[in-house]
1. Longer than 24 Å from Cα to Cα, which of B:154/B:256; A:163/A:268; B:230/B:256; A:139/A:268 are they? Say none if no pair is.
2. Would you mind working out the accessible area per residue for region A:171-309, using a 1.4 Å probe, and quoting it in Å²?
3. Across region A:36-45, in residue order, what do the Karplus-derived ³J(HN,Hα) couplings come to in whole Hz, using 6.51 cos²θ - 1.76 cosθ + 1.60 with θ = phi - 60° and x for Gly and Pro?
4. Can you tell me the dipole magnitude for region B:96-290 around its Cα centre, using point charges on the Cβ only (Lys, Arg +1; Asp, Glu -1), in Debye to the nearest 20?
5. Report, ordered by chain and residue number, the aspartates and glutamates lying within cross-link reach of residue A:170, taken as a straight Cα distance under 18 Å and ignoring same-chain residues fewer than 8 apart.
6. Report the chymotrypsin sites (Phe, Trp or Tyr not before Pro) located in region B:207-255 that are in a DSSP loop and have at most 15 other Cβ atoms inside 10 Å of their Cβ, or state none.
7. So if we plug the beta-carbon distance of residue B:107 and residue B:322 into 1/(1 + (r/R0)^6) with R0 = 41 Å, what FRET efficiency do we get, rounded to 0.05?
8. Region B:121-216: which trypsin sites (Lys or Arg not before Pro) are DSSP loop and have at most 15 other beta-carbon atoms within 10 angstrom?
Amino acid sequence: MNVYLPIAEMSMNGWLLVSMGAAVGFLSGLFGVGGGFIITPLLIFLGIPPAVAVGTGSAQIVASSMSGAVAQYRRDNVDVKMGLVLIAGGLVGTVIGVQVVRILRRLGQFDLVVSLAYVTFLGAVGTVMLLESMRSIQKVKAGGAALKRRAHAHSWLDGLPFKMRFRRSKLYTSAVPPMTIGAFVGFLAAIMGIGGGFIIVPALIYLLRMPTNIVVGTSLFQLVFVTAATTVLQSATNQTVDLPLAFFLVAGGVIGAQLGAAAGVRLKGEQLRFWLAALVLLVCFRVGYDLVAMPAELYSITPLVGGLE
Amino acid sequence: MSGIARWIGFAWAAVSLAIVSLPNGPVTALPFGLRPAALEADLVLVKKRPPPAAPSAQPPRAPAPAVPSVDPPKGQTSGTPPTGAAPPPLETPPERVEADVSTRNIAVTSGFSGTEIIIFGTVANSRQVSAESGFYDVAVVVEGQGAPSIVRLKSNVGGLWINAQSVRFDNLPLYSAIASTRPLDEIAEARVLTANSIGFGRERMIPGRGSSRVAPEALEDYKWAVLRLKQQDGLYVRNDYGVAFIGRSLFRASIKLPANIPVGPLQGRVYLFHEGRLLASNSANLMLEREGLERLVYDYAHEHPVWYGLAAVLLAASAGLAASMIFQRAAS
């Protein structure tokens, strides 16, 4: 079943798109990440123009994270208050990020910055998470409890103002760190064309010490809003959201997200983190390999039409 | 070069005067029995033309002076047949070529996965004896709009492969297909082809503003890269034997339009050659347009981008909600 994509100006197999959306949606529901760091490179690999891949990918993340967020909400795994603080920061970060993108595009090294950002952040986050989760898994095997939450771990973070009580996360902490995390992730989201779940999840776990289950639900909750804002911004500035493409990805994505959320129940927190880390590192190596390996074709053509300049 | 042309001219003149009475000239030397093709052609001529007794269409059929071997190749411009102000030979009216496409408007809808168009044309005043004789050569060029494009070259900087240099070409056709009766370099000299924009237009590629400073040889590499990449994408296509004559004057070329062809106007140009000389040319236009839902989506995305974005979000969010509701019901 071939479908013509009017914005991408090409035709693609509809079932391929649906199953791709389903696979990414599954990971999204399982790990609480949007899946943008997988779907965007995948779409580009299939020949979708990068700008369209980034714009449409964000619409797909809205759907799968919405689907996942509702599923998590029903399991009472969303800290709405924390989510709102993250969103407030995220919107600020997105607006700044869009401006930075415009400057980088003018300088002509946007692709390089995106690739380097992918390698840096995926590599760092993946490595830290992998090591930690392996340690936790070993501890659990040895008979201890996984990731002991220190009830009163006083750090400099507690000295910050605007203290808030996040009941669901069992935290009483300043609003500044989550706000900053949200802003940073929103910034990266605009630059890398992702939701930023793979950064927000470990940040909430390791910096704020939130329980992993709550982190997954809360991350999905804030992703819905941040990626919705990104989608509208992409459409308004670049007209690069392909609705039919989004439709097929979404159709698969929402189902995959449900299955993923259900599968996530059976996995323990440290196992979840281990597999997410492995996935993040895999994508990191893939992007990194393209940077250092000599490409088969050294030339590339970019037509300057349709606002892609 | 004009040998055959003159010869044919004489043959024509001879036939139109009378079949049996052979006047002077080379036609007398024609060994009919040994040249069935020529014989057939003559018979066809007789059938088609009004009888020689009533030469109304082309009245003065004096002994052929000289055939139009006069006009130099450099003066050939595309667009109009060389029916110039100085029509030398009344004997052999100059060829004209007429062309059209099988489909003038191609609808790009949700099912669009490429299509095929037929460019057909006819040679008026054809002197060709049969479809197989190869007397004429035809080149068909179908070209999309030109668009500015940036060609980037990666090089290794500190271990990383990054876009280091770029050249901007202001007018690269988004699509280009060339079909011909035989390989272009056999049809005419490169000079003639270039002058008429037959080819993928390497010589038309001129670096625009904002290009890196590159040596002339390096620039050639860029140009070759453009052709290579476009051909890989199926957007520059060449078919050396893609034009076929059907009969003495009718010819056709089928051109495949790939699924990834950018929408917009396409121009089809047809060139008629004989022995390396351009005799006539003509053009026909067609339009690739989004239709139906695809058109609606595209127009809406460009005319109301904010609402379009909100619609996309609404679609995605409601799909997510619907899925989770369905699964909830299924689970409980």
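The values are calculated or read from the model by the stated rules, or taken from the named source; none is laboratory data. Predicted, not measured: the structure shown is a model, and the values here were computed from it. All Cβ positions, glycine included, derive from the backbone under ideal geometry; neighbour counts span all protein chains shown. For accessibility, only protein heavy atoms count, side chains too; no ligands or nucleic acids. Shrake-Rupley method; radii C 1.70, N 1.55, O 1.52, S 1.80 Å.
1. Beyond 24 Å between Cα atoms: B:154/B:256; A:163/A:268.
2. Values: 4860 Å² over 139 residues.
Here the per-residue accessible area is 35 Å².
3. Couplings: x, 6, 9, 5, 5, x, 4, 5, 5, 4 Hz.
4. Values: 22 positive and 18 negative charges, 87 e Å.
The dipole magnitude comes to about 420 debye.
5. Hits, sequence-local ones excluded: A:76, A:79, A:158.
6. Values: sites: B:222, B:224, B:236, B:241, B:245, B:251; in loops: B:241.
When the chymotrypsin sites (Phe, Trp or Tyr not before Pro) of region B:207-255 are filtered for loop state and at most 15 Cβ neighbours within 10 Å, B:241 remain.
7. The pair residue B:107/residue B:322 has a calculated efficiency of 0.80.
8. B:209, B:213
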